[in-house]
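Quick notes on the structure that follows.
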Amino acid sequence: MFTTLLNQPNANPIPNDLFAAIEDLKKELNAVILAHYYQDADIQDIADYLGDSLGLSQQAASTNADVIVFAGVHFMAETAKILNPDKLVLLPDLEAGCSLADSCPPSEFARFKSQHPDHIVISYINCTAEIKAMSDIICTSSNAVKIVNQIPAEQPIIFAPDRNLGRYVMEETGRDMVLWQGSCIVHETFSEKKMVQLKIEHPEAEIIAHPECEEVVLRHANYIGSTTALLKYCQQSDSDGFIVATEPGIIHQMRKAAPHKTFIPAPAMSNCACNECPHMRLNTLEKLYLAMKNRQPEITMPEATRVAALRPIQRMLEMS
Ligand code: 13P
Ligand code: SF4
């Protein structure tokens, strides 16, 4: 039994049981579905591996599948392709970009880098393949502090593109770094004032936050970490309530892991759903099915860019 996508009479029919159809395609293609915590709950539920950016790169580096279906954003699928040039890497919606990656255009970054010729470049994985190709080491929110701590003290560092993570890493390591002034629209949307108000209403709740948040938000946090670290923290903590300052997709896993605990999304400045990543949420279960069925949209890039971007990713995997 098939239904057809509304307003698209010629589109591929969509099976009623998408979960079963995706499972069938997974076997047919020898595919693996890698998903980030910021995906819709049903995509999280069908994923073979669900994780943060570091975990997803490690899975992409070690998979035996022929096809990688990346339920995340463009830079994540690109990283999987850089690591797997001979595999087909699919992204359900090619428009699923990232405001942080967009905030670092390659030509401007090349100019910035040339102004600091003695610096090494450590780039957060949330950047394009072109920026990775101009970097010495890639990091994620879970290993940034560990990686910076491994760089000799006398070696100056450019950190790109996230100024909030960069500032947090500077504080944690005591290192001075030259920061590219990029940011994430989602993590900069939280209101300090509303969060403090929420904490007054729920004094027992702990505030947990992603390091992409602004300093004014992070200074109220009881714990700061990557999405995986936040998930582990709320399981291990004695607290029963948490105010969660990151994209609320992760709360699906928090509720599964600790069903008796309460998770409150940190409030955005305006009364909107601006704390949901508009890029991540472009992927849907239907688009994921269609991508597998049609073997597209596929991630591709020039081989020279891929080869140049591979080395700093490999350095990250070695240093993690
Ligand atoms: P992590 O996956 O490292 O927690 O980063 C979150 C994020 O913003 C991904 O886009
Ligand atoms: Fe990019 Fe922010 Fe969305 Fe992550 S949450 S994909 S950093 S825009």
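Descriptive notes on the structure:
- Residue-averaged [θ]222 nm for the chain, counting only DSSP H segments that reach four residues, each worth -39500 (n - 2.57): -11500 deg cm²/dmol
- With the highest mean first, a sort of the peptides 231-238, 246-253, 100-107 on other beta-carbon atoms found within 10 angstrom per residue produces 246-253, 100-107, 231-238.
- Length released on extending from Glu298 to Gln155, taking residue separation times 0.36 nm less the Cα-Cα span: 47.6 nm
- Global form of the chain, assessed from the alpha-carbon gyration tensor, a/c cut-off 1.5: oblate
- Remark: spin-label model distance Ser62-Gln236 equals 2.0 nm, labels positioned 7 Å along the Cα→Cβ axis.
- Accessible-area composition of segment 229-320, carbon plus sulfur, in percent [1.4 Å probe]: 50 percent
- Its relative contact order, with pairs defined as Cα atoms under 8 Å and 6+ residues apart, puts segment 190-253 at 36 percent.
- Structural descriptor for the chain: relative contact order 21 percent, calculated from alpha carbon pairs under 8 angstrom and at least 6 residues apart.
- For segment 86-161, the solvent-accessible area with a 1.4 angstrom probe is 38 square angstrom per residue.
The values are calculated or read from the model by the stated rules, or taken from the named source; none is laboratory data. Since the structure is predicted, the reported quantities are computational estimates derived from the model, not experimental observations. With ideal geometry, Cβ positions are generated from the backbone for all residues, glycine too; neighbour counts draw on all protein chains shown. Please note that ligands, DNA and RNA were not included when accessible areas were found on the heavy atoms of the full protein model with its side chains. Shrake-Rupley method; radii C 1.70, N 1.55, O 1.52, S 1.80 Å.
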